[in-house]
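Worksheet: one structure, shown below.
The values are calculated or read from the model by the stated rules, or taken from the named source; none is laboratory data. For clarity, every value in this text was computed on a predicted model and none was experimentally measured. Ideal geometry is used to build each Cβ from the backbone, glycine not excepted, and the neighbour counts take in all protein chains shown. Calculation scope for accessible area: heavy atoms of the full protein, side chains included, ligands and nucleic acids excluded. Shrake-Rupley method; radii C 1.70, N 1.55, O 1.52, S 1.80 Å.
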Amino acid sequence: MRRRSAEQKREFRNSVIKNLKALIVPGILFLIIGGFIFFVVTYQNKDEEEQIIPVYAYAGDGREIVLENSELKMTFDPNTTYFSLLVKSSGKVWTAVPDDVDEDTVAMSSEKGRIRCTLNVTYANEIGSEVAYNNYDYSIKNQTYEVETDGESITVHYSIGKVQKEFVIPPVCTVERMEGYFASLSQGDLNIVKQYYKKYDINNLGKKDDKEALLATYPDLANEPLYILRDTATDAIKAKLQGIFEESVGYTYEEYLIDKELIPSEDQGSKSVYNIDVTYRLDGGDLIVEVPYSAMEFPKERPILAVDVLPFFGAGGTDDEGFLLVPEGSGALINFNNGKTAQSVYYANVYGWDMCHARDALVHSTSTVFATFGISSGKDSFICNIEGGSAYAAVEADISGRFNSYNNVNAEYGVIEREEFDVGSISNSRIFAFQESLPDEVMSQRYTFIDSGSYVDMAKAYQAYLVKNADGYLVANNDTAAPCVIEVVGAVDKVKQIFGMPVSRPLELTTYKETEGVVSQLDSEGVENMIVKMTGWCNGGVMQQYIKDVDTIWALGSGRDLKNLCSTVNATGNQIYLDGVVEYAYNSDIFDGFFAYRDSARFISRELCKLYPFSQITYGDRDDLDEHYLLHEQLIPKMMRSFVKTCNSYGASGASFQDVGTDLASDFYRKNPFSRQEALIDQATVLKEIKDNGGYVMINSGNVYAAVYSDVITHMDLKGSEYTIIDEFIPFYELALHGYVNYTGMPVNICGSETDEILASAEYGAGLCYSIMDEDPKTLQKTLYPQYYGSAYSAVHDRLVETYTRYNNELGHTFNQQMTGHDNLNDYVSVTEYADGTKVYVNYGYTDYAGDGITVPARDYKVVK
């Protein structure tokens, strides 16, 4: 019996242990789930105590503040924070906001507040919707701001929101503290304070005092006497008292909050206020406007999304003649009052889309390569160069008649970025992830004033700005022939069957030796100033694998063959650039040295920045195709430096960056985030290093921060997108760059319209670019590279030589000269002028043009020396 009992006990114990083991995993899961629910209930659903943001109040004497130098005079009205700016050389006066807003018959009352503002703030409310506060209706009108000046600058501290003016003085104060303050006051100040503060003792009230009302408003009176600010104190008196308490007593905002607690019914600070500083200063003939990110204060649950700075500065009215300059393509004009109110407002992101902002569809992507806009009014104009914060900026412009009677252009800056989660049916509300902190940077705009209404003179002012700020890196070239970029396609990737398995392998299109033959032939046929751009020469082809280590493609030839190619090109007096991808990793894995969790950038949601091509039919992302990754920003400068060393090792003339100068992205990598502006600075620094070391740089598109350190720019979108609101396209950017940097448009033979591209190149002073490959286009069937169908060298050769020969003979002498003039003679004909007097007439129309004593054939150009 004892043995059986012992066995039964063992069996029972083993059974219990077995059952307990079976419950371990479910138990752990239960604890995790329970802990999560506890966290959500305890913290996520708990109303967090919102930070109290101090509210500024104007307490000045209302006297005008003047900043003046030999060129400009700024008169600032502290009662409104508006200013006027006198340009002494012309007598032109520019104003912060229009003077006649009350007379606007188009604008509704809410719109008039926006016209009168100097800042417009857009924030996200609790459910994610965008809400706009203009600082006229929500600050200036109530004077919830402070003004300070040091004689050299003026800073306005705005409190923008649905708040009343707040004075930092005791609304209520204990007798002990108040009489302690009395000891620090002069007799005159003491008399003023005693005049406007009354001492109340609940046991010794006056005949007119309402005991019940006093106790209801000031319950602490039941315990002790209090000094209470009289209702008769006006804003002017409160401002005077604020000065007394601040200067004589050192009264602080923290003490003010303590005193406000003695009034339970009083709102303890504002929970919907946005504090933003704006600083104005003069620099020679320029006005500088700065908005520091670090000074911004806002509720965390209602973050600032964007800020518009001086949206109606210099705006033109319905009776004014002039135009808005926008940075579309190489520059474009929107005429005042052009009547195109049925068309969309102009809006474009400076430097294009930030690839670290997730998107699942793409219909049209806006982009500008330079960060400048302007206004011409009569015989005067200005340009505004976006300096600090250009990487977060977008340019927006609109005409009169839509919302109001004014023509305006301005910059909008992103502040806190966000990303929406796709939660499906889990929640009916929208869920967002927000950028965690603000960059320690400053939005900065530099207004330069020109005593001319000509866009050519505006462009020349921009040229002077670029040359000065390039600090010696933007120098005149000495070319005597038109640049001709020969973009050779080495290899692309194609899926092949290997042992029955689909595998991506390089598809040979042009070997190194074949490229050598092409260059030799073109050189012998008179193609001068040839610049060879070798694409798809390494790491799998055009869409390169992670370029940490560079491997030539064996099907194209050996490393020695590549060196021979570079030597041959250099020996002919031409140049060769090896093209590389340094911001992305295509078709890459750990065997290529790429580990996505370590090397990829992160979206705001902290997910890997995994990208897909977009469909031209559905506009959605093609997640059925191979993804590629945006690299962690910390890696990109390293990739740039490493790639340049590789190019030098093969004897190339320089390095061509396929993406730097085209794409610019932030990185929300948790341990080491980078703002988009930091990325801009890092990449520009490396390009500067390359130039310091005697290297040569080629980029695409031509973002200005990279263009000033580049020798060649290819694939420039000369005319940009043809927004209907635009009236004219002009070579504003080229008027600044020509004679300093060589540039081309898109490859002539694969751009869609060869004639239009050649004509645009002639008008904009661009070189010619051709894409070539040695293989037959049929080879590209069943690949993702149909854009190269027109690149067969055998088909392109004759037209290339013929076109370039004429182009160079007629225009070659202009490429070391500055462009000095441009005019659109009508909708189809333009004329461009150079320093030596050469004029280039371009006719895009389908009929001959006769004028200026010459005839320009249809769809052709004519050079007059």
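Things worth noting here:
- Single residue of segment 773-786 satisfying the filter (without any contact (Cβ under 8 Å) to a residue 24 or more places away in the chain and assigned to a loop (DSSP other than H, G, I, E, B)) that is farthest from Asp493 (Cα to Cα): Asp776
- Members of segment 534-549 that are in a loop (DSSP other than H, G, I, E, B) and open to solvent by less than 30 Å² (accessible area, probe 1.4 Å): Gly536, Trp537, Asn539, Gly540, Gly541, Val542, Gln544, Tyr546, Ile547
- Residue in segment 367-376 that is closer than 14 Å to Asn703 by Cβ and open to solvent by 40 Å² or more (accessible area, probe 1.4 Å) present: yes
- Meets criteria (open to solvent by 10 Å² or more (accessible area, probe 1.4 Å) and closer than 30 Å to Ala760 by Cβ) for Asn349: yes
- Contact annotation: residue pairs with Cβ atoms under 8 Å, 6 or more positions apart or on different chains, pairing a residue in segment 660-677 that is within 12 Å of Leu631 (Cβ to Cβ) and touching a residue at least 60 places away in the same chain (Cβ under 8 Å) with a partner that is open to solvent by 20 Å² or more (accessible area, probe 1.4 Å) and assigned to a loop (DSSP other than H, G, I, E, B), are Asp663/Met355; Ala665/Met355; Asp667/Gln634; Asp667/Pro673; Tyr669/Gln634.
- Count - residues of segment 602-635 that are over 24 Å from the mean Cα position of the chain (by Cα), open to solvent by 20 Å² or more (accessible area, probe 1.4 Å) and under 16 Å from Ala361 (Cα atoms): 8
- One residue from Tyr473, Tyr465 being open to solvent by 50 Å² or more (accessible area, probe 1.4 Å), touching a residue at least 60 places away in the same chain (Cβ under 8 Å) and among the hydroxyl-bearing types (Ser, Thr, Tyr): Tyr473
- Test: residue in segment 820-829 that is open to solvent by less than 10 Å² (accessible area, probe 1.4 Å) and of a type in the set (S, T, N, Q): no
- Residue list for segment 221-239, restricted to those being open to solvent by 50 Å² or more (accessible area, probe 1.4 Å) and either at pLDDT 90 or above or within 16 Å of Ile263 (Cα to Cα) (or both): Ala222, Asn223, Glu224, Arg230, Asp231
- Conditions (1) touching a strand residue (DSSP E or B) at 6+ places or on another chain (Cβ under 7 Å); (2) of a type outside the set (Val, Ile, Thr); (3) not in a helix (DSSP H, G or I): number failed by Gln497: (1)
- Positions within segment 122-153 being hydroxyl-bearing (Ser, Thr, Tyr) and open to solvent by less than 40 Å² (accessible area, probe 1.4 Å), in sequence order: Thr122, Tyr123, Tyr133, Ser139, Thr144, Tyr145, Ser153
- Here segment 757-790 is the region considered, the condition is being of a type in the set (S, T, N, Q) and over 30 Å from Tyr828 (Cβ atoms), and the residue that is surrounded by the most Cβ atoms within 10 Å (Cβ to Cβ) is Thr779.
- Top-ranked residue of segment 664-688 - restricted to ones that are among the acidic types (Asp, Glu) and surrounded by fewer than 22 Cβ atoms within 10 Å (Cβ to Cβ), ranked as farthest from Glu441 (Cα to Cα): Asp682
- Residue match in segment 694-706 (condition: open to solvent by 10 Å² or more (accessible area, probe 1.4 Å), farther than 22 Å from Ser444 by Cα and in a helix (DSSP H, G or I)): no
- Breaking point among (1) within 23 Å of Tyr733 (Cβ to Cβ); (2) open to solvent by 10 Å² or more (accessible area, probe 1.4 Å); (3) more than 36 Å from the chain's Cα centre (by Cα), for Tyr807: (2)
- Residues that are surrounded by fewer than 17 Cβ atoms within 10 Å (Cβ to Cβ), assigned to a loop (DSSP other than H, G, I, E, B), more than 16 Å from the chain's Cα centre (by Cα) and modelled with pLDDT of 95 or more occur in segment 377-399; there is at least one.
- Residue list for segment 321-341, filter: assigned to a loop (DSSP other than H, G, I, E, B), of a type in the set (Gly, Ala, Ser) and buried (at least 23 other Cβ atoms within 10 Å of the Cβ): Ser330, Gly331
- Candidate set: segment 103-121, residues that are open to solvent by 30 Å² or more (accessible area, probe 1.4 Å) and of a type outside the set (D, E, K, R); chosen: the one farthest from the chain's Cα centre (by Cα): Thr105
- Taking segment 154-172 as the range and being modelled with pLDDT of 90 or more and surrounded by fewer than 23 Cβ atoms within 10 Å (Cβ to Cβ) as the test, the residues that pass are Ile154, Thr155, His157, Pro171, Val172.
- When Ser721 is tested against the conditions (1) small (Gly, Ala, Ser); (2) modelled with pLDDT under 95; (3) open to solvent by less than 10 Å² (accessible area, probe 1.4 Å), the lone failure is (3).
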